[in-house]
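Novice: Shown below is the structure under consideration.
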Amino acid sequence: MVHVIATLEIAPGKRDEYLALFADLVPKVKAEQGCIAYGPTIDVDSGLGPQQPVRDNVVTVVEQWESLDALSAHIAAPHMAEYKEAVKDIVVGLDLQVLKPV
């Protein structure tokens with residue numbers, strides 16, 4: 001199993017638009033072979049001391065995949081190409097972490 005944390009920086013004032021587009025993508029991804037979990041999250045002010053300041057223009061996608069092969073197939077899926085085209089002017093930055101449990 002692999003975990004993916006994808007942190008997307010969204011153009012100012014475009015987060016709601018991005019989340020609406022992403023909502024259309026989620027069921028397609030969840031139907032993919034090897035997808036265990038896939039969903040967007042946004043920062044919440046927890047009041048916990050070590051937490052970084054809330055980022056209003058960030059969406060973090062939390063994913064779990066059965067294998068790296070399943071993740072690679074996901075990235076190559078036709079609906080992902082459509083999604084990337086739809087958000088190309090909305091997403092201004094991406095940081096990707098791929099992790100394995102130990």
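The values are calculated or read from the model by the stated rules, or taken from the named source; none is laboratory data. Every value quoted in this text rests on a predicted model; they were computed, and no experiment measured them. Cβ placement follows ideal geometry from the backbone for every residue including glycine, while neighbour counts extend to all protein chains displayed.
Novice: Considering only residues that are under 14 Å from residue 24 (Cβ atoms) and either in contact (Cβ under 8 Å) with a residue 60 or more places away in the chain or assigned to a strand (DSSP E or B) (or both), which ones fall in segment 62-102?
Specialist: Those that are under 14 Å from residue 24 (Cβ atoms) and either in contact (Cβ under 8 Å) with a residue 60 or more places away in the chain or assigned to a strand (DSSP E or B) (or both): 83, 86, 87, 90.
Novice: Could we say that residue 54 is under 18 Å from residue 12 (Cα atoms) and touching a Pro at 6+ places or on another chain (Cβ under 8 Å) here?
Specialist: On the way: under 18 Å from residue 12 (Cα atoms): yes; touching a Pro at 6+ places or on another chain (Cβ under 8 Å): no.
Considered against the rule, which asks whether it is under 18 Å from residue 12 (Cα atoms) and touching a Pro at 6+ places or on another chain (Cβ under 8 Å), residue 54 comes out as no.
Novice: Now, a different point. Give me a count of the residues in segment 8-41 that are hydroxyl-bearing (Ser, Thr, Tyr) and under 16 Å from residue 80 (Cα atoms). I'd like the intermediate steps shown before the answer.
Specialist: If we filter segment 8-41 for residues that are hydroxyl-bearing (Ser, Thr, Tyr), which is where we start, we get 18, 38, 41.
The next check asks that each one be under 16 Å from residue 80 (Cα atoms); those that pass are 18, 38.
The qualifying residues number 2.
Novice: So if I check each of 53, 27, which one is loosely packed, with under 12 Cβ neighbours inside 10 Å, outside any loop (DSSP other than H, G, I, E, B) and not hydroxyl-bearing (Ser, Thr, Tyr)?
Specialist: Working: 53 fails: outside any loop (DSSP other than H, G, I, E, B).
Sole residue among the options that is loosely packed, with under 12 Cβ neighbours inside 10 Å, outside any loop (DSSP other than H, G, I, E, B) and not hydroxyl-bearing (Ser, Thr, Tyr): 27.
Novice: Determine whether residue 6 is surrounded by 15 or more Cβ atoms within 10 Å (Cβ to Cβ) and over 11 Å from the mean Cα position of the chain (by Cα). Working first, answer last.
Specialist: Numbers: surrounded by 15 or more Cβ atoms within 10 Å (Cβ to Cβ): yes; over 11 Å from the mean Cα position of the chain (by Cα): no.
No, not satisfied.
Novice: Identify, by number, the condition in (1) at pLDDT 95 or above; (2) surrounded by fewer than 11 Cβ atoms within 10 Å (Cβ to Cβ) that residue 84 doesn't meet.
Specialist: Only one criterion is unmet by residue 84, namely (2).
Novice: Just to be sure I understand the filter: pairs with C-beta atoms under 6 Å, separated by 6 or more residues or on different chains, first member in segment 1-28 and in contact (Cβ under 8 Å) with a residue 24 or more places away in the chain, second member outside any loop (DSSP other than H, G, I, E, B) and small (Gly, Ala, Ser). Which pairs pass?
Specialist: 9/93; 21/86
Novice: I'm trying to understand the selection: among the residues of segment 30-50, which are hydroxyl-bearing (Ser, Thr, Tyr) and either surrounded by 11 or more Cβ atoms within 10 Å (Cβ to Cβ) or in contact (Cβ under 8 Å) with a residue 12 or more places away in the chain (or both)? Steps first, please.
Specialist: As a first pass, look at segment 30-50 and keep what is hydroxyl-bearing (Ser, Thr, Tyr): 38, 41, 46.
38, 41 - these are the residues of segment 30-50 that are hydroxyl-bearing (Ser, Thr, Tyr) and either surrounded by 11 or more Cβ atoms within 10 Å (Cβ to Cβ) or in contact (Cβ under 8 Å) with a residue 12 or more places away in the chain (or both).
Novice: Please work out which residue is modelled with the highest pLDDT, limiting yourself to segment 26-58 and to residues that are small (Gly, Ala, Ser) and over 19 Å from residue 1 (Cα atoms).
Specialist: By that ranking, first place goes to 46.
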